[in-house]
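A short worksheet on the structure shown next.
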Amino acid sequence: MDERKLLVLYGSETGCSQEIAERITREARRFLFKVVLSEMDLFDWQNNLLGYSLIIFTCSTTGQGDIPNNMKQFWKFLTKKSLPQNIFDHVQFAVFGLGDSSYQKYNFTAKKLFKRMQQLGAKPILNRGDGDDQNYLGVDQTFDPWVKELFELLLRIYPLKEEEKILPANELSNSTFSIQFLEGSEAENKLKAVPSQNQFFAEVSDNARITPQSHFQEVRTIEFKLPNEAPTYKSGDVMLLTPENLPDDVDEFIKFFNWEGIADKTFIIKQNFNDIHIPVHWENVLTIRKLLTKSLDIFGRPKRYFFELLSYFAKGRKIFFQKSNILFFVDENHVWKLKDFLLPSGQDELHNYCFRVKRTTFEVLQDFHSVKEFPIDYIFDLFPTIKPRSFSIASSPNFHPGAVQLLVAIVNYKTKLKKPRVGICTKWITTLKVGDKVPYRVTPGTFKLPPPPGACVILIGPGTGIAPMRSILHDRIKNEKKENILFFGGRNKSCDFFYQQEFESYVKNGNLNLHTAFSRDQDYKIYVQHRIKEISKLLWTKIGQEGAVVYLSGSSNRMPTDVSEALKEIFISEGKMSQEEADLYFTAMIKNFRFQQECWS
């Protein structure tokens, strides 16, 4: 067995864990490991897993502690009762998890994987790493020191031969992919040969702003007509849309790099590493304009590795790059600043310059304009792929057969930068017109549905968090379930009481017990947690005596914690519990799926 053979496996829902796995892979190559990178379910673990004595895992946690879709088969294999308890006693491993600490089951997947590998005899190289989206530097805040420690330990366990040397950290490695431009008939033939993807397209049937123009927040309802051949969805499901960069923005980007002459030339993508594959949703035959429009996130928030790559491409003094016959020039000022951002002492400055004000990759490039002539092959390394955005479906197929309705808040806010911050997906959504067709997919949401027969449901959905609550409510009403309590919150009743007439009609029909909290309609603030405490006796009867199920959806800031504390206060005041008993009761509710939340930052 080759002791310097390293397997890197990732389980990723939106691509974040994959990016971390790719960073580990790059570092492993620098330390001269023979590395193989794969998503967990694509790796032939049944035949090849035992051939590795060194495995690094990265994995994300979704919803209620759920495992990513591309890890489920691997996890099913790992949890087989028939597996010998010493099957991995020859394996050393490490796990880095990605999650959001505002969730109750923060990094639950990584914790389970770490524990299960130990149960099967594997030995951890170091403590589990927990990446937290809530950190001010994101997952990098814990990943950077974790991966540094990982490779320091690996170098002790697997030392290099005397004649071998670690590749310098300041040398540029090969690009992940290469671009090969095509000419004439070759380009035409390649384009004709592109297979159509097995993709469903939804047709926009309505797209309207529902908040007043004077209101600070633009919220839209969007309805899609689904193709007849598409599988139906269920209440609580999530619609994933992959946005595109808008034509004017792409034009500006192309002009900045002086790519007008090549923007519409056909090319094919070549792999430079056997273990890093072209994303399956990309077309292999592209143009720069198409790549920038449909595939690369050129206006997103940059990662730390982005600044590392930029430091190689700034212009000024001559340097020679490894494995390249091209001479590049480095501007001393730009290089110094970019490299300073990578040092521990430069993290506060990097945070203030980029992350705090939500500066985009394109804005960074405009500031560090001396990088404009970077080799175009590195475009795939500088910019991540556009990730699909998840939207809780606001409708039910029982009420709206063949259609999906979404409730979308448009991301548009100001920071210290002059230009407002606008989300790539919501910016794209505002341009969708009736008749437009967009690729989509539907996945199960985080809620475990339906609730037990006869149980009352308590729905808490302030703001656009009302979307999945409405979907659940539609199914309940269709099935003549009348034990429904809904808490809705917003700023002003006149501006953001979404679905007001619909909900009020349910109240009149005896299908809904509705409680609203509009925080700005009086001199003092009122939020959903205040309304919850106002009907404490009723809620304790439903929860403590009749086994009601609570569903919570909305912002992941203070709201989930405040709602949880309000419920615990009710357990104490009405259920006569101590604080410790209330905490344990609430924990039991989570474990038994009687309290579930779907929140986002």
Given the residues F181, F96, which is the only one that is surrounded by fewer than 20 Cβ atoms within 10 Å (Cβ to Cβ) and of a type in the set (A, V, I, L, M, F, W, C)? F181
Out of M577, M559, M589, sole residue that is surrounded by 16 or more Cβ atoms within 10 Å (Cβ to Cβ), more than 25 Å from D133 (Cα to Cα), in contact (Cβ under 8 Å) with a residue 24 or more places away in the chain and among the hydrophobic types (A, V, I, L, M, F, W, C): M589
As an exercise: evaluate V404 against (1) surrounded by fewer than 17 Cβ atoms within 10 Å (Cβ to Cβ); (2) in contact with a Leu (Cβ under 9 Å, 6 or more places away or on another chain) and give the number of the one condition it does not meet. (1)
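Quick one: which residue in L309, L343, L350 is more than 14 Å from L172 (Cα to Cα) and either aromatic (F, W, Y) or modelled with pLDDT of 85 or more (or both)? Before the answer, list the steps.
On the way: L309 fails: more than 14 Å from L172 (Cα to Cα); L343 fails: either aromatic (F, W, Y) or modelled with pLDDT of 85 or more (or both).
On inspection, the qualifying residue turns out to be L350.
Looking only at residues in segment 57-89 that are among the basic types (K, R) and closer than 28 Å to Q597 by Cα, which one is surrounded by the fewest Cβ atoms within 10 Å (Cβ to Cβ)?
Residues of segment 57-89 that are among the basic types (K, R), as a first pass: 72, 76, 80-81.
Of the ones still in play, those that are also closer than 28 Å to Q597 by Cα are 72, 76.
On the way: K72: 14, K76: 11.
The extreme case among them is K76.
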Please go through segment 515-550 and give me each residue that is farther than 13 Å from G490 by Cβ and touching a Phe, Trp or Tyr at 6+ places or on another chain (Cβ under 6 Å), ordered by number. V550
Identify all residues within segment 592-601 that are in a loop (DSSP other than H, G, I, E, B) and touching a residue at least 12 places away in the same chain (Cβ under 8 Å); write none if there are none. F593, R594, S601
Conditions first: (1) at pLDDT below 80; (2) within 22 Å of the chain's Cα centre (by Cα); (3) small (G, A, S). G316 passes all but one, so which condition is the exception? (2)
Checked segment 433-463 for anything on the phi > 0 side of the Ramachandran plot and under 28 Å from the mean Cα position of the chain (by Cα); matches are G463
If I ask for residues that are crowded, with 16+ Cβ neighbours inside 10 Å, among the charged types (D, E, K, R) and more than 15 Å from G300 (Cβ to Cβ), which ones from segment 407-436 would you list? none
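Going by the structure shown, is I458 under 20 Å from F399 (Cα atoms), among the β-branched types (V, I, T) and in contact (Cβ under 8 Å) with a residue 60 or more places away in the chain? Break it down stepwise before answering.
On the way: under 20 Å from F399 (Cα atoms): no; among the β-branched types (V, I, T): yes; in contact (Cβ under 8 Å) with a residue 60 or more places away in the chain: yes.
In short, no.
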Members of segment 450-464 that are crowded, with 20+ Cβ neighbours inside 10 Å and over 18 Å from E504 (Cα atoms): P451, C456
Out of everything in segment 56-106 that is modelled with pLDDT under 85 and among the polar types (S, T, N, Q), what residue ends up being nearest to R558 (Cα to Cα)? S102
Going residue by residue through segment 472-483, is there one that turns out to be touching a Cys at 6+ places or on another chain (Cβ under 8 Å) and surrounded by fewer than 20 Cβ atoms within 10 Å (Cβ to Cβ)? yes
Of the numbered conditions (1) modelled with pLDDT under 90; (2) out of contact with any helix residue (DSSP H, G or I) (no Cβ under 7 Å at 6 or more places or on another chain), W146 satisfies every one except a single condition; which is it? (1)
Segment 53-103: number of residues that are of a type in the set (A, V, I, L, M) and out of contact with any strand residue (DSSP E or B) (no Cβ under 7 Å at 6 or more places or on another chain): 3
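For residues in segment 163-184 being aliphatic (A, V, I, L, M) and closer than 25 Å to P384 by Cα, which is farthest from the chain's Cα centre (by Cα)?
Result: L182.
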Residues of segment 484-509 being touching a residue at least 40 places away in the same chain (Cβ under 8 Å) and within 18 Å of A455 (Cβ to Cβ), in sequence order, are I485, F487
Only residues in segment 116-142 that are within 21 Å of Y305 (Cβ to Cβ) and in contact (Cβ under 8 Å) with a residue 60 or more places away in the chain count as the first member; pair them with residues that are in a loop (DSSP other than H, G, I, E, B) and among the hydrophobic types (A, V, I, L, M, F, W, C), Cβ under 9 angstrom, at least 6 apart or cross-chain, and list the lot. G131/V139; D133/V139
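Which residue, of S12, S53, is of a type in the set (S, T, N, Q), closer than 24 Å to Y305 by Cβ and touching a residue at least 40 places away in the same chain (Cβ under 8 Å)? Before you say what the answer is, go through the steps one by one.
Working: S53 fails: closer than 24 Å to Y305 by Cβ.
Just a single option satisfies the conditions, and that option is S12.
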Name the one entry in L54, L6, L49, L37 that is among the aliphatic types (A, V, I, L, M), more than 30 Å from Q596 (Cβ to Cβ) and surrounded by fewer than 21 Cβ atoms within 10 Å (Cβ to Cβ). L49
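Yes or no: E152 charged (D, E, K, R) and either modelled with pLDDT under 90 or surrounded by 13 or more Cβ atoms within 10 Å (Cβ to Cβ) (or both)? Before the answer, list the steps.
Values: charged (D, E, K, R): yes; either modelled with pLDDT under 90 or surrounded by 13 or more Cβ atoms within 10 Å (Cβ to Cβ) (or both): no.
The answer is no for E152.
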Return the residues of segment 484-519 that are closer than 23 Å to P560 by Cα, of a type in the set (S, T, Y) and buried (at least 18 other Cβ atoms within 10 Å of the Cβ); say none if nothing qualifies. Y499, T516
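Is it true that K537 is in a loop (DSSP other than H, G, I, E, B), over 35 Å from the mean Cα position of the chain (by Cα), more than 27 Å from W600 (Cβ to Cβ) and not β-branched (V, I, T)? So that I can check it myself, show each step before the final result.
Details: in a loop (DSSP other than H, G, I, E, B): no; over 35 Å from the mean Cα position of the chain (by Cα): yes; more than 27 Å from W600 (Cβ to Cβ): yes; not β-branched (V, I, T): yes.
Answer is no for this residue.
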Failed item, numbered, when L382 is tested on (1) under 23 Å from the mean Cα position of the chain (by Cα); (2) within 29 Å of V442 (Cα to Cα): (2)
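The values are calculated or read from the model by the stated rules, or taken from the named source; none is laboratory data. Note that this is a predicted model, so its numbers are computed, not measured. Glycine also receives a Cβ, built like all others from the backbone with ideal geometry; neighbour counts cover every protein chain displayed.
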